[in-house]
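Colleague: Below is one structure. I have some questions about it.
The values are calculated or read from the model by the stated rules, or taken from the named source; none is laboratory data. All of these numbers come straight from a predicted model, not from anything done at the bench. Backbone-built Cβ (ideal geometry, glycine too); neighbour counts: all protein chains shown. Surface areas here come from the heavy atoms of the whole protein model, side chains and all, with no ligands, DNA or RNA. Shrake-Rupley method; radii C 1.70, N 1.55, O 1.52, S 1.80 Å.
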Amino acid sequence: MTVSRRDLLIGSAALGLAAALPGNLRAAPFDGAAWRRYAERFLLPEGRIVDTGNKGISHSEGQGYGMLLAVAAGDRAAFDRLWGWTQRMLMVRGDGLAAWRWTPDGGVTDRNNASDGDMLIAWALLRAAEVWQTEAYRTAAAGIVKALASGLLVEQAGLTVLLPGRDGFRKGETLVLNPSYWIFPAIRAFAALPGGERWGKLSDAGLVLLSKARFGGFQLPPDWMTLDAAGTVGIADGFKKQYGYDAVRVPLYLAWDGYRDPYYFRPFADLVAKFGGTAVPATVSLPGGTTTQVAASVGMLAVYRLACRLAGAGDAVTVPPLAPDEDYYSTTLAHLSALAAQSLGIDP
Amino acid sequence: MTRPVLLSALLLAGIAATGAGNGAWAQSSGGARALAPGVKVEVAPAPGSGSAPAAGKVDETALRYYARIGDGERLEAEIARLRALDPGWEPPKDLFAPQPTTPGVDETPFWNLLSAGKVAEARAAIAEQRRKSPSWQPSDKLLQELDTAESAGRIRSASDTRRWQEVVDAAAAHPEAVACNRLDNAWRLAEAYAELKQADRAFDTYRTIVSTCPKAKERRDTIFKASRYLSPDQLRELTALGATANPAKGEDYSTVRTAEAELETGRLLERLGAASSGAKPGALSAADLSRIQGIVRDKQDADGAIALGWYFQKQKNFAEAQSWFSQANGWAPSDKSAEGLVLAYNGLGEKAQARAAAAPWKGKSSRIDQALKAVDPPRGAGGGRSGPQGPSELDRALARQDFAECLSIIRSSIAKSGPTAALLQQRGWCLLEMKRPSEAEAAFAEAQAMAAREPAKGGQSAGAGGRTPAAAGLPQKATAAQENAYGQAVARLATGDTVGLTRDLPRANMTPAQKAEIRASLMATEANRALEDKRYNDVLRLLDARKELTPEPRNLGILRGWALYNLMRFDEAYAQFKSVDDRLSTEESREGVTITWKTIYHDW
Amino acid sequence: MPETPISGSPISGTARIGRRRAALLSVLAATTLLTSGCAGWVRDNLTQSPTPWRRVQPAALPVTLPDSRDFPIVAARMRDTGAVYKSYIVVLGNPTVLPGENRLTIDVQTLPDSLFGALVQPPRVFPVPLYTMETLLATTKREFPEMTVKVADAARRNRYGDYDYVTAQDGVNSCVLAWQLITDHKRMLPERIEAVRLEYRACGVGSNIRAMLAPFDGLSLTLPETVLEAQDLGGM
């Protein structure tokens, strides 16, 4: 099963070659056709999104992303199937939040929630309520938002922060946080709900933390960070100390919410610049800066393209087209980047 | 504009100062200075990278901001900086007049955050503002100041975690972050070079600091910092430079000059110590020895004299040793110098002199009591002390540390001729040695009651009787009552009765020295308990308080290390363990160093 | 933990999702691991640590000892561990010149009086079994250095049932160490009391072991609720 280092090198070289070919200079827009392909590949009839990169499991994050894309594509039937499955299979905790992980063999095997999954689901419901003028979606969203606010929003060092899950992210006085769980546009939508002031503070805190959580030569945010009682941030123990698959979403969410300050996008543009915009490594160890041989996926490159534009680095990244067997996460990131770019007016 | 008059005065003062060529900023007219190859120190912040204001059009954003908040010092500095950029520039006359709101956005809130050290908050606020008004751009000056503040933070954290190359890189990217006004960072840069084995660049960095930063104290501190990495020759050069280069008015650089001599003494004494302890015999040349004797004499350095005394004592040159210990004791009387003196006299066979030297400290200092055992067969505090005849049976038992025998003798003595306060007190001490603290406490209490009934012997205990009162400035001699109270306190400590003892201590009849000792022990016990309870901040609080009373022994030093470790103050924990380990490396200290190191660098 | 990208694809979300799970596990593991060692986090159980010893009057002890010339009560101390344990030390006179204090220690374990108390019980202050051969050897070596130690073959009996003991002797003195765990809450112990642990250590002059055990043989417990004696049971 182990992929040899050499295979990987060949893989990234091939990627570089593909990127150098002309004809793919523009990121693919997210449209009806894109959604149909996405649904064919990842949406099962019962209404769950399959994480093809992870042995076919499903999780609250996937359901949230699927629901967001379904709303964006105007596919209400698919949206209802996704939401129905999510309610039946994941919202079994009794506190209004979703269990984060479901496996075909064992069902819910870990009842802990993942706050970003819950946020994505609630945000998708709010957007659906808007698009299809359906109060029931809004009510459901409000319930999730309320549950999140009461169980996951906590105050630390004068900041309002979001715990990544109900259980296991407090180490004494120190919190373990995930910068990529700051889904800024969702947070803004929650802040606009009645009694949503604390969500506004969460946004403010997110920007402060992203300014503090800059490590290593590229000044990148870690996938998992700590915040102690004095407000000092660190790279969390017990996780791979790296910038990678999680934190790549940081610039995506910032851009999607209309942030344009190059300061917040420069670290990602610097990383891309260092690797010539082609075989960007998927992860960077922090603070050391060792990069993996694994290349960033198409979806990650799509995020970088966005980040580079906002950092003022121009079109430094060429995003190759999605491969026929592109996995769930990469495909999702690519589509989300397109949605974010559309909302910023960068791309059609 | 609440205080226009005062602010105008500040402005005038600022211009005057600049004209006089005084202060750090006046030196900056040359612009950037090379701190090291590839790294430049900006004594004054440089104009923004790539967007320097065009000639004749200087960026007055910061100037107006400082004027608005009334920060005279920085206003003055900014005026100097702008003058340096454009000699023809004059401060605007309307500096203190209310400004029409500039089109776009008022930067004051961001500057306020920056001034308060809230750099991340300033960044967040700016990003939010830019989201709301996409056409607005913060001023170059604001961005520059933010970059500098962030780089300074980055240099600090990289150096704290020993990522030396990142220190160098960060300094190269933002040279303003290692300027004289951020001297600590300049030191960190030099240290990074030294750790990266780029000795020349380290030296260049130190040299730039001592020749450009104007304050004498800063130059002196730099020389001490540099002593860790530089050779004696380089230090000499650094000192010479620091004492003469670019003198600022009103600064006295003589303290810079003496830094080298102090370092020299320290180094020699260290080698002397090594030679005395036999680690490196003969490591000291005759020239070194005579130099150090000169320095110690010049400075009347008691500790130095004691070190010399031990050096000679080790060589059995008792006369020379005695003379140095005498010197030390004359300059600053202490039980440490007296201890050496006692042993030196003893080496010379002058036992009477030795006893006389010990007298002020006898019974007050375990050092002295120990030293006296070399002079006389150890004598207990029992009945026989004042007798002219040879040591009693009890004294001999005590000399052998045969405390069971001590108990036997005292019991039969009491059975034969009844108890005395002195006997009961001695019984208390022997019971303590036998790990029978509850009975010891009772014995001291009994002794106290007995003493109260022995009016003839009055305040002085039998054991301590007959000596002349202590000289002024020396520790107060304990009375028998105080000695008994002290014995009870020691016994209560041994039984774990810390709460009761803490409560009773303020009222106890003990000498201040005795009280301080018990108090320190109580705090050590409580610190241990706090560690077990995982109240780590309490551990530090108690140890800090204890340290005020008496130096911290190594076991408590290790305790302190673990408390810091558990507070996740890993760098401090590492430094703490390292300092204990550097003095005497034991399994415990090595464990602390290793575990902390592995935790910091995830080297499991 | 599946960290290796699978199915030949160099790019996979596996590592990411895998990490989230790993993350949670390791956070929990770290917590468990660290609370037990030096490298801990602050735990919120200060009430579960023993208080310092404090002195009490002999009258406040939950035990009455027979009068003894050789082993009078010298001092008494007690401490609490959580709301569950009360421990007492009665220091007795030591007529020998041997090191170490003669003493009776008593640990009274009560049942928690609330659900919360039941959930957060402090660790037991005495081991069960009270001794293994190894721990007994270590204890006697510490208590009676340089003496000949013998474990008594047969148990002895006091008011609260059978107990075990060791003897230690040198040419002049003899010592005993006796221990007893009273857990018969069906018949002897009041319902509030879970267990009582007794340990007795005494050294005396001579070789009369029975005399040295006399205080232990003759003690009677005086807890707030009556502890029935073993003899009482015969009449019931």
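Colleague: How do the peptides B:337-344, C:159-166 rank, highest first, by the average count of neighbouring beta carbon atoms within 10 Å per residue?
Modeller: With the highest mean Cβ count within 10 Å placed first, the list reads B:337-344, C:159-166.
Colleague: Follow-up question, since we're still on this one. Where the centroid of each part is defined by its Cα atoms, how far is region A:115-170 from region C:158-200 in Å?
Modeller: 61 Å
Colleague: May I pose another question? Considering only the other residues whose Cβ falls under 10 Å of the Cβ of B:ARG236, what net charge follows from Lys and Arg at +1 and Asp and Glu at -1?
Modeller: That works out to -4.
Colleague: Explain nothing, just compute: Karplus ³J(HN,Hα) = 6.51 cos²θ - 1.76 cosθ + 1.60, θ = phi - 60°, for every residue of region B:167-183 in order, whole Hz, x for Gly and Pro.
Modeller: Couplings: 4, 4, 4, 5, 5, 5, 5, 9, x, 4, 6, 10, 7, 4, 6, 10, 4 Hz.
Colleague: Quick check on region A:151-309: take the gyration tensor over C-alpha atoms, sort the square-rooted eigenvalues as a ≥ b ≥ c, and tell me if it's rounded (a/c under 1.5), prolate or oblate.
Modeller: oblate
Colleague: What FRET efficiency comes out for B:LYS299 versus B:ASP252 if R0 is 22 angstrom and r is the Cβ-Cβ distance? Round to the nearest 0.05.
Modeller: Efficiency at R0 = 22 Å is approximately 0.70.
Colleague: On to the next question. For B:SER412, put the label point 7 Å out on the Cα→Cβ axis and report which residues of region C:79-111 keep their amide N under 18 Å from it.
Modeller: Correct set: C:95-98.
Colleague: Name the aspartates and glutamates eligible as straight-distance cross-link partners of B:LYS578: C-alpha to C-alpha under 19 Å, and not fewer than 8 places from it in the same chain.
Modeller: B:ASP160, B:GLU191, B:GLU195, B:GLU270, B:ASP544, B:GLU552, B:GLU587, B:GLU588, B:GLU591, B:ASP603
Colleague: Which order do you get for C:LYS86, C:LYS150 if you rank them by accessible area with a 1.4 Å probe, largest at the top?
Modeller: So, going from the largest accessible area down, we get C:LYS150, C:LYS86.
Colleague: Follow-up. With the radius of gyration and the Kirkwood radius both derived from the Cα set of region B:508-604, what is their ratio Rg to Rh?
Modeller: A ratio of 1.04.
Colleague: Which links in A:LYS55/A:LYS171; B:LYS316/B:LYS362; B:LYS93/B:LYS217 stretch past 29 Å when you go from one Cα to the other?
Modeller: Violating the 29 Å Cα-Cα cut-off are A:LYS55/A:LYS171; B:LYS93/B:LYS217.
Colleague: Still on this model: For the ranges B:526-538, B:439-451, what's the packing order if you count other beta-carbon atoms within 10 Å of each residue, average per peptide, and put the highest first?
Modeller: Highest mean packing first, the order is B:439-451, B:526-538.
Colleague: Let me ask something else about it. Hey, rough spin-label estimate for B:ARG162 and A:ALA323, points 7 angstrom out along Cα→Cβ, what's it come to in nanometres?
Modeller: 4.1 nm
Colleague: ³J(HN,Hα) across region B:301-308 via Karplus (A = 6.51, B = -1.76, C = 1.60, θ = phi - 60°), whole Hz, x for Gly/Pro?
Modeller: Result, ordered by residue: 8, 4, 5, x, 5, 4, 4, 5 Hz.
Colleague: Run the numbers on region C:81-236 and let me know its relative contact order in percent, using alpha-carbon pairs under 8 Å that are six or more apart.
Modeller: It comes to 25 percent, rounded to a whole number.
Colleague: Count, for each residue of B:124-132, the Cβ atoms from other chains sitting within 10 Å of its Cβ, then give me the mean as a whole number.
Modeller: Mean shielding count: 6.
Colleague: Give, rounded to the nearest 20 debye, the magnitude of the charge dipole that region A:188-248 has about its Cα centre when Lys and Arg contribute +1 at Cβ and Asp and Glu contribute -1 at Cβ.
Modeller: The calculation lands at about 100 debye.
Colleague: Take the alpha carbon gyration tensor of region A:31-151, find the square roots of its eigenvalues, order them as a ≥ b ≥ c, and report rounded if a/c is under 1.5; if not, report prolate when a/b exceeds b/c, else oblate.
Modeller: Judged from the Cα gyration tensor, region A:31-151 comes out oblate (a/c at least 1.5, b/c at or above a/b).
Colleague: Oh, and also: Provide the FRET efficiency to the nearest 0.05 for the C:ARG192-B:THR586 pair, computing r from the beta carbons and using R0 = 35 Å.
Modeller: 0.10
Colleague: Rounded, prolate or oblate, given the Cα gyration tensor of chain A, with a/c below 1.5 counting as rounded?
Modeller: rounded
Colleague: With +1 on each Lys and Arg Cβ and -1 on each Asp and Glu Cβ, and nothing else charged, work out how big the dipole of region B:310-376 is about its Cα centre, in Debye to the nearest 20.
Modeller: It comes to approximately 120 debye.
Colleague: Ordering B:LYS93, A:LYS274 by how much accessible area each has at a 1.4 Å probe, largest first, what is the list?
Modeller: B:LYS93, A:LYS274
Colleague: Sorted by average packing, counted as other Cβ atoms within 10 angstrom per residue and highest first, what order do A:42-49, A:181-188 take?
Modeller: The packing order, highest mean first, is A:181-188, A:42-49.
Colleague: Could you pull out every residue, at least 5 positions away or on a different chain, whose amide H is within less than 5 Å of the one on B:TRP89? Hs are placed 1.01 Å off N in the peptide plane, and Pro or chain starts have none.
Modeller: none
Colleague: If you take each beta carbon of peptide C:165-177 and count the beta carbons of other chains within 10 angstrom, what is the mean?
Modeller: The per-residue average across the peptide is 0.
Colleague: Given the pairs A:LYS201/B:LYS118; A:LYS212/B:LYS197; B:LYS118/B:LYS141; B:LYS534/B:LYS598; B:LYS515/C:LYS86, which are separated by over 24 angstrom at their Cα positions?
Modeller: Cα-Cα > 24 Å for A:LYS212/B:LYS197; B:LYS515/C:LYS86; rest within.
Colleague: Using modelled amide H (1.01 Å from N, peptide plane; none on Pro or chain starts), what sits under 5 Å from the amide H of A:VAL108, excluding residues fewer than 5 places away?
Modeller: Result for A:VAL108 returns A:THR103.
Colleague: What is the magnitude of the charge dipole of region A:42-185 about its Cα centre, with +1 placed on the Cβ of each Lys and Arg, -1 on the Cβ of each Asp and Glu, and no other charges, expressed in debye to the nearest 20?
Modeller: 140 debye
Colleague: When the Karplus curve 6.51 cos²θ - 1.76 cosθ + 1.60 is applied with θ = phi - 60°, which whole-Hz ³J(HN,Hα) does each residue of region B:441-446 get, with x for Gly and Pro?
Modeller: Residue by residue, region B:441-446 yields 4, 4, 5, 5, 5, 4 Hz.
Colleague: Hey, got the average number of other protein chain Cβ atoms within 10 angstrom for residues in B:520-532?
Modeller: Counting Cβ atoms of other protein chains within 10 Å of each residue's Cβ and averaging gives 1.
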